[in-house]
Amino acid sequence: MISTVRVKVPGKVNLYLAVGRREEDGYHQLATIFQAVDVYEDVTAERHDSLALTMTGRGAHLPVDESNLAIRAARLLAAEAGIAPAARLRIHKRVPVAGGMAGGSADAAGTLLALDRLWGLRLEAAELQRLGAALGADVPFTLMGGTAMGTGRGDVLTPMIARGSFTWLLLTQSEGLSTPAVFGAWDRSGVETPPPAVSRTFARALAEGDTGFVARNARNDLARVALALHPGARAAMEACALLGLPAIVSGSGPTVAAFVPEDEDVDALLAYFEASGVAESCLVARGPVPGAHVIDES
Ligand code: C5P
């Protein structure tokens, strides 16, 4: 019988994020390209007689009650399997909280995968994806990883061919942004919303490994409103512009991902941004990387 399962789950950046109309359920139609990056949540599940959660790292201050997506994931999976949600979960968080990098979704994805193994359920990947989508729009992608196009709410995924590797400098902020608040500001900004689609030229550059073109032409419809709401993220974007580095707001922000071309000295850039004071922390991240996976079970 398995008594401990350890799972690693990546955070993500959005290389492309086109927003369409708001549906009756409050969700917006999206055409997005996710890329999983090597900033990981560690999720450990152990046998226990009830459901318990502890969080460390960047998540040390987060509530571990029913508002935590990992708790909701555990309850959903148990209900689906018709068993009691009994396990001790430990999450070591590295993905910024409320940063636009799907950290909460990654915790839910890791919980689904770890408990699927701990409880011996062995659900199909498609089944875990379906449960993930019920928890949040980004959960299916953090399960899948790599580079993928997301349509619908961002939860209908098509893997994409993406050659080459991207190096990002992630500029995080101490104050996060609420995703519903950013979408709300987007709605109030009153822009025309044609059906969202990924540009063909962009998808081709991704397939051909033209990482520079992809970074320079990255699109995020939410960037304008996210930056208007967050002076810190604005300062980070301005610092990137000053250096001539292509930069994107990740998802609903406020994390800014600066693209580091191959001929740039990443350590020098890291030192520069750490000294500049425009970010709470600077992380070097590479993508794409695989989605949620088991690293140890005993
Ligand atoms: O699914 P998730 O809980 O991550 O979404 C958080 C919020 O972000 C939603 O309640 C909604 O306000 C907004 N959202 C949206 N359209 C999407 C995804 C998220 O409006 N496609």
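Of all the Cα-Cα pairs you can form in the range 163-292, what percent are over 17 Å apart?
61
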At 20 angstrom or more along the helix axis (alpha-carbon based) and mean Kyte-Doolittle of -0.5 or higher, what helices does the chain contain? Whole DSSP H runs only. 103-118
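Any idea what % of Cα-Cα pairs in the chain are farther than 26 Å?
Working: 18858 of 44253 pairs.
Within the chain, distances greater than 26 Å cover 43 percent of Cα pairs.
Relative contact order of the range 199-271, please, whole-number percent, based on alpha carbon pairs below 8 angstrom and at least 6 residues apart. Could the numbers behind the result be given before it?
Numbers: 66 pairs, mean separation 18.6, N = 73.
Here the relative contact order equals 26 percent.
With the Cα gyration tensor of the range 21-166 in hand, convert its eigenvalues to equivalent ellipsoid semi-axes via √(5λ) and list them largest first in whole Å. List each step's numbers first, then the result.
Details: eigenvalues 125, 60, 47 Å².
Calculated on Cα positions only, the semi-axes equal 25, 17, 15 Å.
How fast does the range 1-43 diffuse by Stokes-Einstein, in µm²/s, taking the Kirkwood radius from C-alpha pairs at 20 °C and 1.002 mPa s? Don't skip to the end; give the middle numbers.
Working: Rh = 13.1 Å.
D, rounded to a whole number, is 163 µm²/s.
With charges set only on the Cβ (+1 for Lys and Arg, -1 for Asp and Glu), what does the dipole of the range 92-196 come to about its Cα centre, in debye to the nearest 20?
Working: 8 positive and 9 negative charges, 53 e Å.
Rounded to the nearest 20 debye, it is 260 debye.
Rank the residues Trp119, Trp168 as a footprinting-exposure proxy: fewest other Cβ atoms within 10 Å of their Cβ go first.
Details: Trp119 22, Trp168 26.
Least to most surrounded, the residues fall as Trp119, Trp168.
Under a point-charge model restricted to the Cβ atoms of Lys and Arg (+1) and Asp and Glu (-1), what is the dipole moment magnitude of the range 173-298 relative to its Cα centre, in debye to the nearest 20? Don't skip to the answer; put the middle values down first.
Numbers: 8 positive and 16 negative charges, 129 e Å.
Using Cβ point charges on Lys, Arg, Asp and Glu, the range 173-298 gives about 620 debye.
So if I place +1 on the C-beta of Lys and Arg and -1 on the C-beta of Asp and Glu, and nothing else carries charge, what would the dipole magnitude of the chain be about its Cα centre? I want it in debye, nearest 20.
Numbers: 26 positive and 33 negative charges, 65 e Å.
So the dipole magnitude of the chain works out to roughly 320 debye.
Give me D for the range 99-141 in µm² s⁻¹, whole number, from Stokes-Einstein with Rh from the Kirkwood sum over alpha-carbon pairs, 25 °C and 0.890 mPa s.
Using the Kirkwood radius from Cα pairs, D works out to 236 µm²/s.
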When the C-alpha atoms of the range 1-103 are aligned to their principal axes, what extent does each axis show, in angstrom, from largest down? 45, 31, 27
For the range 76-157, the Rg and Dmax computed from alpha carbons only, in angstrom: 12.8, 35
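Just the number: Rg to Rh for the range 125-172, Cα atoms, Kirkwood Rh, two decimals.
Details: Rg = 12.3 Å, Rh = 11.8 Å.
That ratio is 1.04, to two decimals.
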Expressed in nanometres to one decimal, the distance between label points 7 Å along Cα→Cβ at Arg75 and Glu297 is 2.6
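For the range 190-244, what is Rg from Cα atoms divided by 2.2 N^0.38 Å, rounded to two decimals?
Values: Rg = 14.0 Å, N = 55, 2.2 N^0.38 = 10.1 Å.
After normalising by residue count via 2.2 N^0.38 Å, the value is 1.39.
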Among Thr56, Thr172, which comes first, second and so on when ranked by fewest other beta-carbon atoms within 10 Å? Thr56, Thr172
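By average Cβ neighbour count within 10 Å, what is the ranking of 226-236, 35-45, 2-12, 175-185 from highest down?
Numbers: 226-236: 20.6, 35-45: 24.8, 2-12: 23.2, 175-185: 16.4.
Descending mean neighbour count gives 35-45, 2-12, 226-236, 175-185.
Every number in this text was worked out from the coordinates using simple rules, so none of it is lab data. Everything numeric here is computed off the predicted structure, so don't read it as measured data. Here the Cβ is made from the backbone with ideal geometry for all residues, glycine too, and neighbour counts use every protein chain on show.
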